[in-house]
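Chemist: Would you mind keeping the following structure in view while I ask a few things?
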């Protein structure tokens, strides 16, 4: 199974168009509180990657706070944890996309854009 990926540029475009997005940040809470992607039409969730890793070995099918009926963009610091989490969630039938390069690439993109 191949995971879908969204680039920072594509995410920025969706935000600019006012598309309603669900963003799952799997970093530790203190990193999330320090900085996370925000926008008028973005619902941001912070679920620690370890909670998602546990889904792999448990019989739990879903995470209550995660919508099952819309696409979820998964991010972390660089994209590695997000990819692992997205694979687990995809197996549980979530519609997931990984933000390529994570928050690091997002900040870099904004810097290039002068934002």
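Chemist: What length, rounded to one decimal in nm, is gained on full extension from residue 54 through to residue 87, with 0.36 nm per residue of separation minus their alpha-carbon distance?
Modeler: Numbers: separation 33, 0.36 × 33 = 11.88 nm, distance 1.28 nm.
Between residue 54 and residue 87, full extension yields an extra 10.6 nm.
Chemist: Considering the stretch 4-113, what Rg and Dmax in Å follow from its alpha-carbon atoms?
Modeler: Final numbers for Rg and Dmax: 13.2, 44 Å.
Chemist: Next up: Kindly express, to the nearest 10 degrees and within the range 0 to 90, the angle between helix 80-91's C-alpha long axis and the longest C-alpha principal axis of the chain.
Modeler: Tilt relative to the chain: about 50 degrees.
Each reported figure results from applying straightforward, stated rules to the coordinates on display, with no laboratory input. Note that the structure is predicted; figures quoted are calculated from it, not measured.
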